[in-house]
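Here it is, the structure, as structure tokens.
The values are calculated or read from the model by the stated rules, or taken from the named source; none is laboratory data. Computed from a predicted structure; not experimentally measured. Here Cβ is always computed from backbone atoms with ideal geometry, including for glycine, and neighbour counts include all displayed protein chains. With ligands, DNA and RNA removed, areas are computed over all heavy atoms of the protein, side chains included. Shrake-Rupley method; radii C 1.70, N 1.55, O 1.52, S 1.80 Å.
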Amino acid sequence: MEIIIYAVIAVVSVILGILASATFLRRSLERKSQQIIKDARNEAEVIKKEKILQAKEKFLQLKAEHEKHVSAKNSEIAVSENRIKQKESAVSQKLEEINKKLRDNDVLKEQLDQQIELSKRKQSELDKVYRQQLEQLQSMSGMSAEEAKEQLVETLREEAQTDAQSFVKDIMEEARLTASKEARKIVVQSIQRTATEVAIENSVSVFPIENDEIKGRVIGREGRNIRALEAATGVEIIVDDTPEAIILSGFDPVRREIARLSLHKLVTDGRIHPARIEEVVAKTKKQIDQEIMEIGKRTTIDLGIHNMHHELIRLVGKMKYRSSYGQNLLQHSKEVANLAATMASELGLNPKIAKRAALLHDIGKVPDNEPDLPHAILGMKLAEKYKEKPDVCNAIGSHHEEVEMDNLISPIIQVCDAISGARPGARREVVEAYIKRLNDLEELALSYPGVVKTYAIQAGRELRVIVGSDKITDKEAEQISYDLSKKIQTEMTYPGQIKITVIRETRAVAFAK
């Protein structure tokens, strides 16, 4: 029993201790929280005072800046007001001057009105005196004023006509005496001031080689390389006993140049076989086309000709590889251009138009497709197609009198063309006739269906005709050779005999990838 009482007392003591501890802890926490709140309030008060001080400082700074800005604006306004006052003063002064001038003008106007009134009175008096004198003259002469005026005009007209006829007659006589002399003087001066080269075309090019070993490689096994080169270029390759030289024979300078450059590339590279030959010839043809364009551009630049269509520039470049009666066509056109420009300047005409027309006057000789038209008419049509001026087109078309001349440039082009072609040694009729015969020979063969390419070689003694293997059979190739020989016999005139060789090849090409 006592144990239970002690236990209860102990439990009660523990509970009372716990309650006392809790009460003490609660009071301690309350004191700490009150202290924390007090510290927080103190800190907040300090922060508040700092922020108020910062705000006051910012306000004072902004106020100072604003006052400074306002002061600057006030200074600008003061300056502007001073400037405006000065301008107002100047305007007032000018206005005063204008008013003074207006007052002076009013005085002058009054004086002028008085003078005009006085003049009118004097003019009225003069008219009265004039009428009185006129009436006296009419009564004395028995003629009216209109009749006298007509008689005077008629007399003056007859005298003027007589003087004019005499003056025109004197001018015509003087022109007849001096025209021939002046024309010869202008032509001679133009020729003397125009220097030119004399270049005669030939039909043979010589390709130098180092030794006979290269000759053998050019010929190839059983002559296959030389045959492939001849078939690709249309030029006869002559390999004979001439030391260190291979002769390229052909009437077309473009073909000869392609053959020469191709042979040079093949010999330099060292790989000479039919496939390589065809590849090199194709690349060389593209190179020649580019060179033709460069020659045309360089020629127009040298002559000071601008804004010419690129197709006309290409045709000008092709002139280098064409000849007219043995005379290089480009050299001839440049010579005519320089002569025409000089002559046009002497006559007071536009030398640029004359030079342009002269350069293009033979452009009809070098188109890619050559229709059956005179070269002057074809050249005129090409110039019209590529938007050349009417004076230039007419000069091109009329330089052989196929069309009527309608401007002063046209006869100058005709005269200069004749001067250039008439120089001693400038042209050879035989070469032109020979080249025309070979061209006709190739065109005749090309008229057959299935014919791909034709080449006249060995000075026209052999005609090689290449036909498409997919279009022509071996039997038809033989027939073409026979028919062509008969047609040449009946339609053409030529010395000796012509050998017709029809070539038909079948190729199989594949690529390993």
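What ranking do 375-382, 263-270, 87-94 get when scored by the average of other Cβ atoms within 10 Å per residue, highest first?
Details: 375-382: 21.4, 263-270: 15.6, 87-94: 10.0.
Per-residue Cβ counts within 10 Å, averaged per peptide and sorted highest first, yield 375-382, 263-270, 87-94.
Further, regarding this structure: Which whole-number percent gives the relative contact order of region 273-402, counting Cα pairs below 8 Å spaced six or more residues apart?
Working: 147 pairs, mean separation 23.5, N = 130.
Relative contact order, region 273-402: 18 percent.
I've got another one for you. Pull out the extension gain between SER92 and GLU402, defined as 0.36 nm times the separation in residues minus the alpha carbon to alpha carbon distance; nm, one decimal. Before the final figure, lay out each step's value.
Details: separation 310, 0.36 × 310 = 111.60 nm, distance 8.14 nm.
Result: 103.5 nm gained on full extension.
A further question follows. If you count, for each residue, the other Cβ atoms within 10 Å and average over each peptide, how do 77-83, 331-337 line up from highest to lowest?
Working: 77-83: 10.0, 331-337: 25.1.
Top of the packing list down: 331-337, 77-83.
Ranked by accessible surface with a 1.4 Å probe, highest first, in what order do ARG271, ARG504 come? Write out the running numbers ahead of the final one.
Numbers: ARG271 125, ARG504 75 Å².
Per-residue accessible area, sorted high to low, gives ARG271, ARG504.
May I ask for the Kirkwood hydrodynamic radius of region 15-91, worked out over all distinct Cα pairs and given in angstroms to one decimal?
Radius from the Kirkwood sum: 18.7 Å.
Describe numerically, in nm with one decimal, the distance between label points set 7 Å from Cα along Cα→Cβ at ASN439 and at GLN136.
9.2 nm
Shifting gears a bit: Once you keep just the Cα pairs under 8 angstrom separated by 6 or more residues, what percentage relative contact order results for region 463-513?
Working: 36 pairs, mean separation 31.4, N = 51.
For region 463-513, the relative contact order is 61 percent.
Under a Cβ-only charge scheme (Lys and Arg +1, Asp and Glu -1), can you give me the dipole magnitude of region 1-130 about the Cα centre, in debye to the nearest 20? Intermediate results must be reported in sequence, preceding the final value.
Numbers: 26 positive and 21 negative charges, 77 e Å.
The dipole magnitude comes to about 380 debye.
Let me ask you something else. Can you give the accessible area per residue of region 255-352, in Å², using a 1.4 Å probe? Walk me through the numbers before you get to the answer.
Values: 4350 Å² over 98 residues.
Accessible area per residue, region 255-352: 44 Å².
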